[in-house]
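Can you keep this structure in mind? I'll have questions shortly.
FYI, it's all coordinate maths here, none of it is from the lab. These figures come from a predicted structure and were not determined experimentally. Here Cβ is always computed from backbone atoms with ideal geometry, including for glycine, and neighbour counts include all displayed protein chains.
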Amino acid sequence: MRTYLSILIASFILISCQSKDTSTESSVSSSEENKQDTTPNFGIVIHGGAGTILKKNMTDSLEAAYKAKLEEAIKTGHDILANGGSSIEAVTATINVMEDSPLFNAGKGAAFTHEETNELDASIMNGADLNAGAVSGVTRVKNPIDLALKVMTDSDHVMLSGQGAERFAQEQGMELVDPSYFYTKKRFESLQRIKASQKTALDHDDKKVSFADPFIKDAKFGTVGCAALDKEGNLAAGTSTGGMTNKRWGRIGDAPIIGAGTYANNATCAVSSTGWGEYFIRGMVAYDISALMEYKGLSLQEAARTVIQGKIPKLGGDGGIVAIDNEGNVTMEFNTAGMYRATMNAGGELEIGIYKN
Ligand code: ASP
């Protein structure tokens, strides 16, 4: 009986060891397979504004300067993603590079209001939990996208405006600058030209001039934005702008409006808009692209095309978007003559564009 029992125990141990081995083997091979299947994909896409950007109006050196800055910005975000950083970190750092450059209508190069001040807007959204932060009408915040991020991470709110937003920035120990920091000759002269053209039109045509005036309309481009997918599969998007030149009465565009200027949802895509803000708010552009994917099953490209080539021009607006979906597919769709843009994938392939191809 004893021998019988010992044999039984020994064979039980043997069988369980064998089955352990096979299960380990199979888990090794399946995890190898998984590794191949799930090589983390990531990617990033940016814009520096859409509008009547024509080759004939551009000097070679200015074109080179734009391309170099776009490349610097996108590589900043790409490095973060390649090293395992989050899409939120990549979006913020990438936008910072463009905010600090006078080339774009955001941060340092912000457009002037009618009152010759600079009022900046920005927003950011995290696709993982649909958390978001936004600021509008700030006049002393060097990098408005950083403040939008703080609103998202360190306040109970989604959107803060004007002086309140700046008090919050101060409490958070953020860098505030004198409003004169935002002065650039180019943007100031744009404002003067627009004011003069408005005056002429009013004097001679007795017509009310609005943003529909082609010259005034084109005074808006230069907003910056970024959308990214990180190795964890998390999407994020952000947008930062000085708004439209000659804007009045505390006008707020689409850039700080979650769903219009910025949207990110891990279930679909991350989008940043640029263009005639009033129409992008009415069209809920960024969210509409995500919703077309979520509820209608459209691809990112189909959704972006539907909104940018169909819905927005039908309303009378113009502009573009950059977006990336949760598989790393990218689109840069615009209905204007040009859009400063760049994208870089996980393999490090870089694409930079300015005009319509
Ligand atoms: N969308 C921005 C606004 O309306 C302007 C732009 O994209 O250049 O404020």
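Give me V330, V135 sorted ascending by neighbouring Cβ count inside 10 Å, so fewest comes first.
Working: V330 21, V135 30.
In order of increasing Cβ crowding within 10 Å: V330, V135.
Output wanted: per-residue J couplings in Hz (rounded whole) for segment 271-282, from phi through Karplus 6.51 cos²θ - 1.76 cosθ + 1.60, θ = phi - 60°, x for Gly and Pro.
Once θ is set to phi - 60°, the couplings for segment 271-282 become 9, 10, 9, 8, x, 6, x, 4, 6, 6, 6, 4 Hz.
Holding the Cα-Cα limit at 19 Å, pick out from K69/K108; K231/K296; K67/K356; K150/K247; K55/K108; K69/K231 the pairs that are longer than that.
K231/K296; K150/K247; K55/K108; K69/K231, as the Cα separations exceed 19 Å there.
As a footprinting exposure proxy, order S101, S290 by other Cβ within 10 Å, with the fewest listed first.
Working: S101 21, S290 25.
Ascending number of Cβ neighbours within 10 Å: S101, S290.
Tell me the net charge near D154. Cut-off is 13 Å between Cβ atoms, D154 excluded, with +1 for each Lys or Arg and -1 for each Asp or Glu.
So the environment of D154 carries a net charge of -2.
Using the Karplus equation 6.51 cos²θ - 1.76 cosθ + 1.60 (θ = phi - 60°), what ³J(HN,Hα) coupling, rounded to whole Hz, does each residue of segment 172-177 give in order, writing x for Gly and Pro?
7, x, 7, 6, 10, 10
Could I have the simple spin-label model distance between L62 and N329, label points 7 Å from Cα toward Cβ, reported in nm to one decimal?
Distance between label points: 3.6 nm.
For segment 245-257, just list the computed ³J(HN,Hα) in residue order, Karplus coefficients 6.51, -1.76 and 1.60, θ = phi - 60°, integers in Hz, with x standing in for Gly and Pro.
Result, rounded to whole Hz: 4, 6, 5, 10, 6, x, 3, 10, x, 7, 3, x, 8.
If we count other beta carbons within 10 Å of each Cβ, what is the order of W249, W276, fewest first?
Values: W249 8, W276 25.
Listing W249, W276 from fewest to most nearby Cβ atoms yields W249, W276.
Follow-up question, since we're still on this one. State the three equivalent ellipsoid semi-axes of segment 267-327, derived from the C-alpha gyration tensor as the square roots of 5 times its eigenvalues, in descending order and whole Å. Write down the numbers at each step before the final one.
On the way: eigenvalues 70, 24, 16 Å².
Sorted largest first and rounded, they come to 19, 11, 9 Å.
Given H placed 1.01 Å from N in the peptide plane, which residues other than close sequence neighbours of K247 have an amide H under 5 Å from its amide H?
Those lying under 5 Å, H to H, from K247 are H114.
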